[in-house]
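Everything below concerns the one structure shown next.
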Amino acid sequence: QVQLVESGGGLVQYGGSLNLSCRASAHPFNHYSMAWFRQAPEKEREFVGRVIWSGSIAYQDSMKGRFTISRDNAKKTIYLQMNSLKPEDTAVYYCAATLKYGDYADRRLYDYWGQGTQVTVSS
């Protein structure tokens with residue numbers, strides 16, 4: 001069983017920054033593809049970005065240029081650096097992990113999820 005623990009969420013003002021972390025118990029961690037999703041109230045969970053087992057990174061188009069994903073295999077951790085935050089970025093942010101191959105933007109591909117961390121951006 002893989003456990004994922006997110007941290008780093010909080011309250012930030014419009015235009016501010018946050019850096020989220022997700023530490024995994026997965027082994028070997030470098031075999032896992034990892035992703036960030038978010039879910040705002042009364043909305044579906046949506047793809048933010050992913051860093052797969054090869055190190056390849058991709059983002060949802062609307063987040064390109066503001067969000068940066070990275071991974072540290074030695075620490076079994078991925079990160080989501082979020083800049084120029086907007087009120088519409090307010091959501092619970094989840095990290096997810098999978099050993100499967102496929103559409104990495106599809107939440108159904110992921111078998112393991114963290115508990116989420118709340119990000120609130122005030123206007």
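The values are calculated or read from the model by the stated rules, or taken from the named source; none is laboratory data. Being a predicted model, the structure only gives us computed values, none of them experimental. Note: ideal-geometry Cβ built from the backbone for every residue, glycine included; neighbour counts use all protein chains shown. Quick note on the areas: whole protein, heavy atoms, side chains included, nothing else; ligands and nucleic acids left out. Shrake-Rupley method; radii C 1.70, N 1.55, O 1.52, S 1.80 Å.
Descriptive notes on the structure:
- Gaussian network model of the chain, Cα within-10 Å springs - most flexible of 94, 112, 79: 112
- Solvent-accessible area of residue 43 with every protein chain in place, 1.4 Å probe, in Å² to the nearest 10: 140
- Each Lys and Arg adds +1 at its Cβ and each Asp and Glu adds -1 at its Cβ; summed about the Cα centre, the chain shows a dipole of about 260 debye.
- Taking every alpha-carbon pair under 8 Å whose residues sit at least 6 apart, the chain reaches a relative contact order of 35 percent.
- Alpha-carbon centroids, region 51-70 and region 76-110: separation in whole Å: 9
- With DNA, RNA and ligands ignored, accessible area of residue 66 (1.4 Å probe; Å², nearest 10): 40
- Cα gyration tensor shape for region 6-74, rounded if a/c is under 1.5, else prolate or oblate: prolate
- Ordering of 26-35, 69-78 by burial proxy (mean other Cβ atoms within 10 Å per residue, highest first): 26-35, 69-78
- The residues of region 1-106 expose, per residue, 51 Å² of accessible area to a 1.4 Å probe.
- Rolling a 1.4 angstrom probe over the chain with all protein chains present gives an accessible area of which 47% lies on carbon and sulfur atoms.
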